[in-house]
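Read-outs: derived from the displayed coordinates by stated rules, not from any lab. These numbers come from a predicted model, not from an experiment. Cβ: placed from backbone, ideal geometry, glycine included. Neighbour counts: every protein chain shown.
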Amino acid sequence: MGETKLMLACHCHGDKRLPALVLLHGFLGNGNDWTPLLPALSQHYYCIAIDLPGHGGSGAELVPQPGFEHVTELLLHTLEQLGIGQFHLLGYSLGGRIALHVAQTVPQRLLSLHLESCHPGLLTLADKQQRAISDAQWATRIAQLPLAQFLTLWYQQPVFAELSDTARAALIRQRSQQHPAGLLAMYRATSLAWQQNLQQVPGLCSCPVHYYYGQQDAKFSALAQRWQLKTPMQCHAISATGHNCHQGNPSQFLKVLLTALATSAEGTP
């Protein structure tokens, strides 16, 4: 007998007769991160916000290393159990990297692909080795430190420099309810050091592909502009925000996202 797959926890909003929009949060988040956008999105789409393994209601799901294939299988199984065939797909940061793996696996099921501040993969062995060392250090911190102390260090990274002290403190309070063991397993399993180079994936998709980045996020602004030169995708700069565009400037992100979603004939509101 085959192994029984468990469904990932998810939050569904809107009319199931509408086109499906699957939303994947970033590391340390959960499906509720998309809540501010759902009143508008669910008018036009059946929104399915997934809790990735190790996060939120999927916190007990421990992912093996490397875990991209495993997470993709869990995600697709969850959508099958929900009766979802084709769908729009939006992923932020880690969720965007998972979205790239989903697009690589089932490109024919995507109505459109939306990537927010996500990395397509490292190009050289040296970069992967350096990332493996860095991720091992962060994994040790998750394993050994109280979660609030780890989060304080995590949100001091340069990529989160645009956060105000108030916003950073709010994130730390919010994320402190997570499951350390699940987070640790997911972090190790989805290290960028494990990830193959997926820069070519947008070119394999027959659907529209869009990339969103914050103008205050220098690293991913440059990454998006370089990537756009190599593959057919449309980039969108979200003003007055950094790495987390949908949280930092939700009104503009939502406006741009809805317009981009409408470029797919099947998803036009």
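See the values below:
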read-out	value
Amide proton proximity set for residue 20, modelled H, under 5 Å, gap of 5+	46, 88
For the chain, the longest site-free run once trypsin sites (Lys or Arg not before Pro) in DSSP loop states with at most 15 other Cβ atoms within 10 Å are removed	18-229
Estimated distance in nm for a label pair at residue 105 and residue 73, the labels positioned 7 Å out from Cα along Cα-to-Cβ	0.9 nm
Tail weight of P(r) past 24 Å, computed on alpha-carbon pairs of the stretch 98-228, percent	41 percent
Lysine-lysine proximity count for the chain, Cα under 29 Å, sequence distance 8 or more or distinct chains	7
Only Lys, Arg (+1) and Asp, Glu (-1) charged, at Cβ; the stretch 1-90 dipole about Cα centre in debye	260 debye
Histogram of C-alpha separations across the chain, 5 Å bin width, %	1, 6, 13, 18, 20, 19, 13, 7, 2, 0, 0
Cα-based shape type of the stretch 5-75, given that a ≥ b ≥ c are square roots of the gyration tensor eigenvalues and the cut on a/c is 1.5	prolate
Tensor-based shape of the stretch 124-184 (alpha-carbon gyration tensor, a/c under 1.5 rounded, otherwise prolate or oblate)	oblate
Distant-in-sequence amide H partners of residue 27 (H built 1.01 Å from N, under 5 Å)	94, 95
Cα gyration tensor shape of the stretch 49-148, rounded if a/c is under 1.5, else prolate or oblate by comparing a/b with b/c	oblate
Residue order, fewest to most beta carbons within 10 Å, for 127, 15	15, 127
Nearest-20 debye value, the chain charge dipole, Cβ charges on Lys, Arg, Asp, Glu	300 debye
